[in-house]
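Asks: This is the structure, below, for whatever I ask next.
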Amino acid sequence: MGSSQPVDPVHTPPPAPPARDHFGTLAVHAGAPHDAVTGAVIEPISLSTTFQQTGLGKPVGEYEYSRSSNPNRDNFEKAIASLEHAKYALAFSSGSATTAIVLQSLAQGSHVVSVSDVYGGTHRYFTQVAHAHNVKVTFTSAIEDDISDLIRPETKLIWIESPSNPTLKLVDIRRVVTQAHEHGILVVVDNTFLSPYIQNPINHGADIVVHSVTKYINGHSDVVMGAAAFNRDDLRKKLAFLQNAIGAVPSAFDCWLAHRGVKTLHLRAERASTNAQAIAEHLEQSEYVVKGGVNYPGLDSHPHRAVAIKQHLNGLGGGMLSFRIQGGHAAAERFCQTTRIFTLAESLGGIESLVEVPSAMTHAGIPQDQRESIGVYDDLIRVSCGIEDVRDLLVDVQNALEIAVVGSKVGNGVGNSH
Ligand SMILES: Cc1ncc(COP(=O)(O)O)c(C=O)c1O
């Protein structure tokens, strides 16, 4: 046979599937089709709550009623599934609604094991709401070590937050998953603090990843939303049923905004993390900071640095850190009132840098002895690094430290310079 033989199209092997695109490409393009009718490059916001049917139960397209599904939510969910390396994602009206729905998917009488320093709202749901349908939660501060002792026949779920809030402790997800899966128990990871750019819990064996989209994923402090991502078809069936039945769904507009945020997540998360690294290193050297009082997983001194290297993209530490200032609670308060660029406010993960004092704000509800046992002292300041120029952030931190600590010593009452 000569080389001039025509190629038989029927027997030509199909081209190899395209390699998986990298994060930045997926962030921009996943779930972002051009509009088929107008060619609009950016998807329109589909505000209609209902969709025409040509006959009974025969909708024109795939949509009927916006609580059940709508184009903007579908596209956002596709983007999150893609970035979390999951088959499916579902969006909810807040991170807290996401937590509630995951817990409600458990049968009555189920038992959950959770890390101790979960987000305060998660702790509140676990301790004050879950028991309404007879779900009990046991907390542990050393989940990798004592999970086997805590598992009971009715244990159905393990809940991990890594890094923890506000002390930035890490959990080795794979170690927990290995033990949990031996007993057929699902592992959920709240990945809010790192975002899918820095950590993909599903790669480490987790079954469900949850997010407060309000934070890094939306990233602009203007949407409250949540999401869960997972691979299993049975989970998709159960959680999508609850999404519709409970109706804690985000609006089409919020989905559109959050999806716009996703498109720059890689740029924002990378910058927030390099800013946080520089600030943490600066704080670690500062005479105005309690020795050994900087909590940041990007520092070699962090007790779980090896986990960060294994679990985080390029060992990045993320955009969150906390530190203990010299001079006690008064100095901590003064620091937060003195910064010029960092705004004194709760929340995190936005483009703008924020500071807060957990003992008086986000964690004020926890009794002092319990707070201090997990490292939340009165002088602890939590910092959410934004994407501003790091040179300005460092100057701001240094000025505020000097005023807060030296100012408090001389008692000159230097106040708010906003
Ligand atoms: C780690 C974490 N998970 C969940 C939540 C709850 O999210 P939302 O405020 O969107 O309900 C938060 C909120 O701060 C959080 O920090």
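The values are calculated or read from the model by the stated rules, or taken from the named source; none is laboratory data. These numbers were taken from a predicted model, which means no experiment stands behind them. So basically every Cβ, Gly included, is an ideal-geometry build from the backbone, and we count neighbours across all protein chains shown.
Asks: It is to be established whether one or more residues within the range 171-181 are crowded, with 22+ Cβ neighbours inside 10 Å, within 16 Å of the ligand (Cβ to nearest atom) and free of Cβ contacts under 8 Å to residues at least 40 places away in the same chain.
Replies: Scanning the range 171-181 turns up no residue that is crowded, with 22+ Cβ neighbours inside 10 Å, within 16 Å of the ligand (Cβ to nearest atom) and free of Cβ contacts under 8 Å to residues at least 40 places away in the same chain.
Asks: Name every residue in the range 126-137 that is surrounded by fewer than 17 Cβ atoms within 10 Å (Cβ to Cβ) and either closer than 9 Å to V113 by Cβ or among the hydrophobic types (A, V, I, L, M, F, W, C) (or both), in order of residue number.
Replies: Going through the range 126-137, the residues surrounded by fewer than 17 Cβ atoms within 10 Å (Cβ to Cβ) turn out to be 127-129, 131-134, 136.
Scanning the range 126-137 gives V129, A132.
Asks: Residues being within 17 Å of L316 (Cα to Cα) and within 13 Å of the chain's Cα centre (by Cα): count how many of those fall in the range 192-211.
Replies: So the first thing to find is which residues in the range 192-211 are within 17 Å of L316 (Cα to Cα), and the list is 192-201, 203-204.
Of the ones still in play, those that are also within 13 Å of the chain's Cα centre (by Cα) are 192-201.
The total comes to 10.
Asks: Within the range 105-124, count every residue that is of a type outside the set (G, A, S) and surrounded by fewer than 18 Cβ atoms within 10 Å (Cβ to Cβ). Explain how you work it out, then say what you get.
Replies: To start, the set of residues in the range 105-124 that are of a type outside the set (G, A, S) comprises 106, 108, 111-113, 115, 117-119, 122-124.
Imposing the further condition that a residue be surrounded by fewer than 18 Cβ atoms within 10 Å (Cβ to Cβ) reduces the set to 108, 124.
Number of matching residues: 2.
Asks: For A400, only one of the following conditions fails: (1) touching a residue at least 60 places away in the same chain (Cβ under 8 Å); (2) within 20 Å of the chain's Cα centre (by Cα); (3) outside any loop (DSSP other than H, G, I, E, B). What is its number?
Replies: (2)
Asks: Here is a list: T214, T167. Which entry is farther than 26 Å from R305 by Cα and within 16 Å of the ligand (Cβ to nearest atom)?
Replies: Working: T167 fails: farther than 26 Å from R305 by Cα.
Among T214, T167, only T214 is farther than 26 Å from R305 by Cα and within 16 Å of the ligand (Cβ to nearest atom).
Asks: Go over the candidates S322, S359 one by one and state the one that is more than 26 Å from R271 (Cβ to Cβ), surrounded by 20 or more Cβ atoms within 10 Å (Cβ to Cβ) and either at pLDDT below 95 or in contact with a strand residue (DSSP E or B) (Cβ under 7 Å, 6 or more places away or on another chain) (or both). Don't jump to the end; show me each part of the working.
Replies: On the way: S322 fails: more than 26 Å from R271 (Cβ to Cβ).
Being more than 26 Å from R271 (Cβ to Cβ), surrounded by 20 or more Cβ atoms within 10 Å (Cβ to Cβ) and either at pLDDT below 95 or in contact with a strand residue (DSSP E or B) (Cβ under 7 Å, 6 or more places away or on another chain) (or both) holds for just one of S322, S359, which is S359.
Asks: Output the residues belonging to the range 342-356 that are acidic (D, E) and either out of contact with any helix residue (DSSP H, G or I) (no Cβ under 8 Å at 6 or more places or on another chain) or surrounded by fewer than 19 Cβ atoms within 10 Å (Cβ to Cβ) (or both).
Replies: Looking only at the range 342-356, we keep the residues that are acidic (D, E), and these are 346, 352, 356.
Within the range 342-356, E346, E352 qualify.
Asks: Further, regarding this structure: Looking at the range 362-385 only, could you name the residues that are part of a loop (DSSP other than H, G, I, E, B), within 16 Å of the ligand (Cβ to nearest atom) and surrounded by 17 or more Cβ atoms within 10 Å (Cβ to Cβ)?
Replies: Residues of the range 362-385 that are part of a loop (DSSP other than H, G, I, E, B), as a first pass: 362-367, 374-379, 385.
Filter again for within 16 Å of the ligand (Cβ to nearest atom), leaving 362-366, 374, 376, 385.
Within the range 362-385, T362, H363, I366, V376, C385 meet the criteria.
Asks: Which residue pairs have Cβ atoms under 9 Å apart, sit 6 or more places apart or on different chains, and have a first residue in the range 300-314 that is within 13 Å of L170 (Cα to Cα) and a second that is loosely packed, with under 14 Cβ neighbours inside 10 Å?
Replies: Hits for this filter: Q311/N203.
Asks: Answer with yes or no whether I341 is in contact with a His (Cβ under 7 Å, 6 or more places away or on another chain) and in a loop (DSSP other than H, G, I, E, B).
Replies: On the way: in contact with a His (Cβ under 7 Å, 6 or more places away or on another chain): no; in a loop (DSSP other than H, G, I, E, B): yes.
Spelling it out, it is not the case that I341 is in contact with a His (Cβ under 7 Å, 6 or more places away or on another chain) and in a loop (DSSP other than H, G, I, E, B).
Asks: Please work out which one of (1) within 16 Å of the ligand (Cβ to nearest atom); (2) closer than 27 Å to A332 by Cα; (3) touching a helix residue (DSSP H, G or I) at 6+ places or on another chain (Cβ under 9 Å) is the condition L299 fails and give its number.
Replies: Just one mismatch for L299, condition (1).
Asks: Within the range 84-108, work out how many residues are in a loop (DSSP other than H, G, I, E, B) and either away from the ligand (no atom under 12 Å from the Cβ) or outside the structural domain of F230 (by TED's automatic domain parsing) (or both). Walk me through it before giving the result.
Replies: Here is the first cut: in the range 84-108, the residues in a loop (DSSP other than H, G, I, E, B) are 84-87, 93-94, 105-108.
Those still in the list that are either away from the ligand (no atom under 12 Å from the Cβ) or outside the structural domain of F230 (by TED's automatic domain parsing) (or both) too: 84-87, 105-108.
Summing the residues that are in a loop (DSSP other than H, G, I, E, B) and either away from the ligand (no atom under 12 Å from the Cβ) or outside the structural domain of F230 (by TED's automatic domain parsing) (or both) in the range 84-108 gives 8.
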